[in-house]
Amino acid sequence: MSRSVWKGPFVDGYLLNKADKVSKAGRNEVIKTWSRRSTILPQFVGLTFGVYNGKKFIPVLVTENMIGHKFGEFAPTRTFYGHTANDSATKG
């Protein structure tokens, strides 16, 4: 179930503060965040966020197409190594 419209999008408060500091300073540094549940807002466009995937921080450069999505969508937590060679041989 999605979030109520009258509540607005969820964003952690500290994330807004960090984004404002970086954008006002004009620096292009990575903003580390553990908040995968936060929604990407229009004021984040052009900033780089390091989204934690449980092991390391994945750099995510925010573009206009990402507005409204969650940070966690762009930092996968699982690594797919492919199917083994034996799977295709046994099914045929």
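Overview of results
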{"item": "Carbon and sulfur %, accessible surface of the chain computed with the full protein complex present, 1.4 Å", "result": "54 percent"}
{"item": "Solvent exposure of region 16-91 as accessible area per residue, Å², 1.4 Å probe", "result": "72 Å²"}
{"item": "Furthest towards positive pole of dipole, P42, N17, T77, structure part the chain, Cβ charges", "result": "N17"}
{"item": "Spin-label model distance (nm) - L16 vs S2, 7 Å beyond Cα toward Cβ", "result": "2.1 nm"}
{"item": "With DNA, RNA and ligands ignored, accessible area of I58 (1.4 Å probe; Å², nearest 10)", "result": "40 Å²"}
{"item": "Low-density loop cleavage sites - trypsin sites (Lys or Arg not before Pro) in region 8-60, where at most 13 other Cβ are within 10 Å (DSSP)", "result": "R27, R37, K55, K56"}
{"item": "Shape category assigned to the chain from the gyration tensor of Cα positions, a/c cut at 1.5", "result": "prolate"}
{"item": "Amide H contacts under 5 Å for L47, placed H, 5+ residues apart", "result": "V62"}
{"item": "Förster-model FRET efficiency, 25 Å R0, N28 and E64, C-beta, rounded to 0.05", "result": "0.90"}
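The values are calculated or read from the model by the stated rules, or taken from the named source; none is laboratory data. This structure is a prediction, so every number in the text was calculated from the model and none was measured. No Cβ is skipped: glycine too gets one built from the backbone with ideal geometry, and neighbour counts run over all protein chains shown. Accessible surface areas use protein heavy atoms only, side chains included; no ligands, DNA or RNA. Shrake-Rupley method; radii C 1.70, N 1.55, O 1.52, S 1.80 Å.
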